[in-house]
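The values are calculated or read from the model by the stated rules, or taken from the named source; none is laboratory data. Quick caveat, the model's predicted, so the values are computed rather than measured. Note that each Cβ is placed from the backbone with ideal geometry, even for glycine, and that neighbours are counted across all protein chains shown. Ligands, DNA and RNA are stripped out before the accessible areas are found, and what is left, the full protein with its side chains, is counted by its heavy atoms. Shrake-Rupley method; radii C 1.70, N 1.55, O 1.52, S 1.80 Å.
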Amino acid sequence: MRKLFERIVDFMEENGSIQSEYRDIYLFALQTVAVYAFNIGTGVVIGAVFGELLYCMIFLIAFMLLRQEAGGYHAPGWMSCYFLSCGILVLTLLWIKAEFAYQTCLTIAAALAAGMGIFLFAPLEDKNKPLEEAEKKVIGKKARIIVVTELILGMVFLAVNQRAAYAVLGAVIWCGVSYLAWSVKRYTEKNGKSREDNN
């Protein structure tokens, strides 16, 4: 896939559409657009299979908006990231379709706990994407605004459309789970490094 994008960028450079110094930027942009399009396309297919396309889209929009600013766990490769994302989407849609006692209470409790964690610790940076202090302040503020907005929106939806509420609150919950996974990953990395230093 990368070779295809390189050929496209080469062609654009040869016919004068782009300047050579911007080559890497265009290559990165093409790859990013392709990944987003592929993921959204997969989401549409999964949503259609479950018969929950609307709620699937609500979840994806809410999750992408929050995750982009809040940060969190990043899978080691695009393949594992892709399948992890698909798994999260399937579990969310199963939760949306389910109906059982205390489902709403459990959803609210989990969303509030996750939202609190995001509000307090956002943004979490990854070693592949380090952030400067000024960036952390700006991005953290955006993340807090988004998480509070999504929590309020989810609570409002509870009175109107429970499934829509579960989709929005599910985005907050999974972002919170990503924070836990990030913490475990960091702890494991630090432990592994300290063991290496001791040896």
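Within this structure, PHE100 fails the test of being over 14 Å from the mean Cα position of the chain (by Cα) and surrounded by 15 or more Cβ atoms within 10 Å (Cβ to Cβ).
Exactly one residue out of ARG7, ARG23 is farther than 30 Å from VAL172 by Cα, modelled with pLDDT under 75 and of a type in the set (Lys, Arg): that is ARG23. Selection of the stretch 86-97 for residues being surrounded by fewer than 14 Cβ atoms within 10 Å (Cβ to Cβ) and closer than 20 Å to VAL160 by Cβ yields only LYS97. For the stretch 28-62, a residue qualifies if it is open to solvent by less than 50 Å² (accessible area, probe 1.4 Å) and hydroxyl-bearing (Ser, Thr, Tyr), and the qualifying residues are THR32, THR42, TYR55. Filtering the stretch 1-18 down to residues that are outside any helix (DSSP H, G or I) and surrounded by 11 or more Cβ atoms within 10 Å (Cβ to Cβ), which residue is nearest to the chain's Cα centre (by Cα)? Checked the stretch 1-18; the qualifying residue nearest to the chain's Cα centre (by Cα) is MET1.
Could you please let me know if TRP182 is touching a residue at least 60 places away in the same chain (Cβ under 8 Å), open to solvent by 30 Å² or more (accessible area, probe 1.4 Å) and aromatic (Phe, Trp, Tyr)? For TRP182, the condition - touching a residue at least 60 places away in the same chain (Cβ under 8 Å), open to solvent by 30 Å² or more (accessible area, probe 1.4 Å) and aromatic (Phe, Trp, Tyr) - is met.
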